[in-house]
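Engineer: Got a structure here, written out as structure tokens. Questions coming.
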Amino acid sequence: MNIPAKAYFLIVIMIFSLVIIGIAATMQSFAAKLLPIIASSVVFILGAIQLYKDISPSKDRETETNVAECKTEVPQVKQYYFMIGWTFCFFLSIYLIGLLASIFIFMLIFMLIKHVKWKISLLVTFLSSGIMYCVFSVGLKIDLYPGLFFILMGY
């Protein structure tokens, strides 16, 4: 059986999500462990589904491979570097300016990169950030990380 290279990456992500679930399960506060367990569980389930699709034999796999080879897109290695850089910058911005601000900024940038209109991008970004604030900060009373900048400013 030929296992594709991205299957190994999925396995690493799934192991990492299980580690996060294990660490979060040991936390005392229910509010502190709720978000990591939910997010890691979703990542694990989606990773398992994708891993099954990648490993299981498919009649259309040859067709998919031929179509993928014909595309004249950015090479796959450059895409991985871009995704790694994007994720690193996202985590760095969460550390510096906080979770809500980072999600707002990165969601807006992503939608603009994908050529979504300005008005729709701003509307979706504001709604998503607002819903997230209402659910976690107001509804569940979980203090989302404000960021180093706001902590130093006395927030």
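Engineer: Can you say whether L34 is surrounded by 13 or more Cβ atoms within 10 Å (Cβ to Cβ), of a type outside the set (G, A, S) and under 14 Å from the mean Cα position of the chain (by Cα), as far as the supplied structure shows? Show your work before the answer.
Structural biologist: On the way: surrounded by 13 or more Cβ atoms within 10 Å (Cβ to Cβ): yes; of a type outside the set (G, A, S): yes; under 14 Å from the mean Cα position of the chain (by Cα): no.
So L34 fails the test.
Engineer: Turning to a different aspect of this structure: Return yes or no: is M111 more than 28 Å from K33 (Cα to Cα) and surrounded by 11 or more Cβ atoms within 10 Å (Cβ to Cβ)? Please lay out each step first, then the result.
Structural biologist: Numbers: more than 28 Å from K33 (Cα to Cα): yes; surrounded by 11 or more Cβ atoms within 10 Å (Cβ to Cβ): yes.
Yes; evaluated as a whole, the condition is true for this residue.
Engineer: Taking I84, is it at pLDDT 85 or above and farther than 30 Å from F30 by Cβ? So that I can check it myself, show each step before the final result.
Structural biologist: Details: at pLDDT 85 or above: yes; farther than 30 Å from F30 by Cβ: yes.
Judged against the criteria, I84 is a match.
Engineer: Kindly provide the set of residues from the stretch 1-19 that are small (G, A, S) and either surrounded by 11 or more Cβ atoms within 10 Å (Cβ to Cβ) or not assigned by TED's automatic domain parsing to the domain that holds Q50 (or both), ordered by number.
Structural biologist: So in the stretch 1-19, the residues small (G, A, S) come out as 5, 7, 17.
Scanning the stretch 1-19 gives A7, S17.
Engineer: So which residues in the stretch 128-154 are of a type in the set (S, T, Y) and at pLDDT 85 or above?
Structural biologist: Looking only at the stretch 128-154, we keep the residues that are of a type in the set (S, T, Y), and these are 128-129, 133, 137, 145.
Scanning the stretch 128-154 gives S128, S129, Y133, S137.
Engineer: Need pairs with beta-carbon distance below 6 Å; first residue more than 17 Å from I84 (Cβ to Cβ) and within the stretch 6-19, second acidic (D, E) and surrounded by 14 or more Cβ atoms within 10 Å (Cβ to Cβ); sequence gap 6+ or separate chains.
Structural biologist: A7/D54
Engineer: Okay, next question. Just give me the residues in the stretch 54-80 being within 26 Å of the chain's Cα centre (by Cα), exposed (fewer than 12 other Cβ atoms within 10 Å of the Cβ) and modelled with pLDDT of 60 or more, in sequence order.
Structural biologist: If the condition is that a residue be within 26 Å of the chain's Cα centre (by Cα), exposed (fewer than 12 other Cβ atoms within 10 Å of the Cβ) and modelled with pLDDT of 60 or more, then S56, P75, Q76, V77, K78, Q79 are the ones that fit.
Engineer: Still on this model: Of all residues in the stretch 81-90, which are among the hydrophobic types (A, V, I, L, M, F, W, C) and exposed (fewer than 11 other Cβ atoms within 10 Å of the Cβ)? I'd like the intermediate steps shown before the answer.
Structural biologist: Within the stretch 81-90, the subset among the hydrophobic types (A, V, I, L, M, F, W, C) is 82-84, 86, 88-90.
Selection gives M83, I84, F88.
Engineer: If F90 meets every condition in (1) at pLDDT 90 or above; (2) under 23 Å from L140 (Cα atoms); (3) of a type in the set (F, W, Y) apart from one, which number is that one?
Structural biologist: (2)
Engineer: Restricting to the stretch 1-40, give me the number of residues that are within 20 Å of L144 (Cα to Cα) and in a helix (DSSP H, G or I).
Structural biologist: Residues flagged as within 20 Å of L144 (Cα to Cα) and in a helix (DSSP H, G or I) within the stretch 1-40 amount to 16.
The values are calculated or read from the model by the stated rules, or taken from the named source; none is laboratory data. Here the structure is a predicted model, which means the values were calculated and not measured. So basically every Cβ, Gly included, is an ideal-geometry build from the backbone, and we count neighbours across all protein chains shown.
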